[in-house]
Amino acid sequence: MKTWRLRFALFGIQSLPVVCALCVAALLATLIAILLGVSPGELLTLLASRFGAYAWGQVLFKATFLTFTGLSVALAFSAGLFNIGAEGQAVVGSLACALVGLAAASAPAPVALCLAIGAAFAGGALWGFVPGYLKARFGTHEVINTIMLNFVALAAVNFLVTRYLALPETVRTAEVPAALPRLDSLLPFMHGSAANTSLALALLAVIAAHYFLHHTAAGFALRAVGRGMRQAQVAGIHASRQIVLAFVLSGGIAGLVGTNFVLGYKHYYEDGFSGGIGFLGIAVALLARNEPLAVFPAALLFGFLSQAGLAVNSLLPREVVEILTGVILLVFIATERLRRTWSQGTRGRLAHPGEGRP
């Protein structure tokens, strides 16, 4: 009986950081509303009135972006690596998706679609390979590499699009014939929402990443490097290969952002579409504790916050959402430290339930 109580306590401790972060964010949002002369009841009424099926569709659309970038960051974290370059990888992958989609315009639709999706992954993977190789070959720090490569990717893609690829007087490419269906074609009550079936691809990526990390030898080797590079090398694991593999897979997943924007929403590449999704992906991965199966719920939370900010924009400034995002992360990180301390003690009692009794 005592063992079950300890297990229940352990589950509660694991949930504590998220619960505390959400409670503090809710209290802060209420306080900001009162300071701005808005009653919490009025705010909730407005939010409820504007959060219909369309708004939930938009939450799913935004969560799809964040699932790809959050999963990208989480996969790299599992190998002990900091991939700050998910945004650059997403941009390169999205442009590759559009260009291959245009080049395959004459191919049958399923073939063109598969080629465009493959190009999105390959473009992001190629951009992820660069910091992976530099880290494995020369030992250069991946944080610096990926941050700098973000600027390189955004500037290079902007130059290519505006100078050579954009239609006259625009900053976008021509339309890609291959397209993923919108969810409102399957669920008519979501009419007008940008949510599309790339959401299914994001969920498949989450499941595949979980299976890879926890049920394959390659995933075990990658996680072993994350827990200690020297120990992994002593065990016969080629750490440099795992570093490159982690960045290639991480970049490829980030590149799949193009399936949501290019194939599912706009049907063309547009310069400047990314809007910080790479950095929000870091927040998603942190909140998910780098567990692939927890990435999508974390992405839903941040997608909801973003859409809620638009819904109540007439009463509260849009910047309040950014404040709440920062507060959620700060409180989560602080309470996560406490959780780890408590859970270690609880696991110790589970492993030795008889200790400490007379």
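Every read-out reported here was derived from the displayed coordinates using simple, explicitly stated rules and does not represent laboratory data. Predicted model, so just to flag it, every value in this text is computed and none were measured. When we count neighbours, we look across all protein chains shown, and the Cβ atoms used for this are built from the backbone with ideal geometry, even at glycine.
The length gained by stretching the chain between residue 15 and residue 148 to full extension, at 0.36 nm per residue less their Cα-Cα distance, is 44.3 nm.
Summing +1 for each Lys or Arg and -1 for each Asp or Glu, what net charge is found among the other residues whose Cβ lies under 15 Å from the Cβ of residue 305?
Neighbour charge sum, excluding residue 305 itself: +1.
Based on C-alpha pairs under 8 angstrom that are at least 6 apart in sequence, the chain has a relative contact order of 35 percent.
Treating r as the C-beta distance of residue 327 and residue 191 and R0 as 41 Å, the FRET efficiency rounds to 0.75.
Using just its DSSP H runs of length 4 or more, each adding -39500 (n - 2.57), the chain gives a mean residue ellipticity at 222 nm of -24500 deg cm²/dmol after division by all residues. Taking the Cα centre of the chain as origin and assigning +1 to Lys and Arg Cβ atoms and -1 to Asp and Glu Cβ atoms, the resulting dipole is close to 1480 debye. Taking 7 Å steps out from each Cα toward its Cβ at residue 227 and residue 340 produces label points 1.5 nm apart. As a proxy for reagent exposure, ranking 106, 250 by other Cβ atoms within 10 Å from fewest up yields 106, 250.
Our note on the geometry: Cα centres of the stretch 240-281 and the stretch 56-126, 4 Å apart. Let me make sure I get this right: for the stretch 117-229, a, b and c are the square roots of the gyration tensor eigenvalues over alpha carbons, sorted descending. Under 1.5 in a/c it's rounded, otherwise prolate if a/b > b/c, else oblate. Which is it? Oblate, because a/c is 1.5 or more while a/b does not exceed b/c.
Please give the residues of the stretch 144-177, grouped as numeric ranges, whose backbone N is less than 19 Å from a label point set 7 Å along the Cα-to-Cβ vector of residue 105. Answer for the stretch 144-177: 161-177.
For the ranges 115-121, 142-148, 131-137, 329-335, what's the packing order if you count other beta-carbon atoms within 10 Å of each residue, average per peptide, and put the highest first?
Ranked by mean Cβ neighbours within 10 Å, highest first: 115-121, 131-137, 142-148, 329-335.
Scan the chain and note any complete DSSP helix (H) whose C-alpha atoms cover at least 30 Å along its axis and whose Kyte-Doolittle average is -0.5 or more. Helix filter hits for the chain: 2-35, 53-78, 109-138, 319-351. Taking +1 at the Cβ of each Lys and Arg and -1 at the Cβ of each Asp and Glu, which of 265, 75, 190 sits farthest along the dipole of the chain towards its positive end, judged by Cα position relative to the Cα centre? Result: 75, furthest along the dipole toward the positive end.
With the cut-off at 1.5 for a/c, could you classify the stretch 186-272 from its C-alpha gyration tensor as rounded, prolate or oblate? Note, shape of the stretch 186-272 comes out prolate. Among 201-210, 91-100, 262-271, sorting by the average number of other beta carbon atoms lying within 10 angstrom of each residue, highest first, gives 91-100, 262-271, 201-210.
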